[in-house]
Amino acid sequence: MSVNLQVWDNLIGQCLLVFLIIEGLKIFPIIARASRGSILYKILLNLVVNLVFSLLVRGTGNDFFMGQGIAPLVLAVVTCTLITNGLHRLKKAFERRSPSNHIWETRQGKSV
């Protein structure tokens, strides 16, 4: 098994697409409510969407991990899942620091 570093931007693009799809799925109330409370649901949703994208990419030359067997697919799904989880954490951090956050507004209003 080897790593195809020429497709690093494709992997990052795939993870960004997965992130946007997961955020887009939250338009449905059932998914939004379920993802709000359950960490297991978030991880499962992330794994499933990453698995679908990794299966679609396999064999097209855009594989980040090349080789035979299940190991490259598993590594690609795990890597994309970790990157996508990192994007979700960044989104949460920006939401906490956002001026449109009512907690931030009350804290700023009290200190002035």
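The values are calculated or read from the model by the stated rules, or taken from the named source; none is laboratory data. Keep in mind the model is a prediction, meaning the values are calculated, not measured. Note: ideal-geometry Cβ built from the backbone for every residue, glycine included; neighbour counts use all protein chains shown.
Taking the residues in the range 38-84 that are surrounded by 14 or more Cβ atoms within 10 Å (Cβ to Cβ) and of a type in the set (S, T, N, Q) as candidates, determine which candidate is farthest from residue 3 (Cα to Cα).
In this case the residue turns out to be 46.
Quick check on my filter: what residues within the range 16-47 are among the basic types (Lys, Arg) and either on the phi > 0 side of the Ramachandran plot or in a helix (DSSP H, G or I) (or both)?
The initial filter retains those residues of the range 16-47 that are among the basic types (Lys, Arg), namely 26, 33, 36, 42.
Matches in the range 16-47: 33, 36, 42.
Looking at (1) surrounded by 12 or more Cβ atoms within 10 Å (Cβ to Cβ); (2) free of Cβ contacts under 8 Å to residues at least 60 places away in the same chain, find the lone condition where residue 19 falls short.
(2)
Name the residue, out of 10, 50, that is in a helix (DSSP H, G or I) and at pLDDT 80 or above.
50
Checking the condition more than 18 Å from residue 92 (Cβ to Cβ), polar (S, T, N, Q) and under 12 Å from the mean Cα position of the chain (by Cα), which residue from 46, 4, 50, 10 passes?
Values: 46 fails: more than 18 Å from residue 92 (Cβ to Cβ); 4 fails: under 12 Å from the mean Cα position of the chain (by Cα); 10 fails: under 12 Å from the mean Cα position of the chain (by Cα).
It is 50.
Here are the criteria: (1) at pLDDT below 80; (2) out of contact with any strand residue (DSSP E or B) (no Cβ under 8 Å at 6 or more places or on another chain). Tell me which single one residue 29 does not satisfy.
(1)
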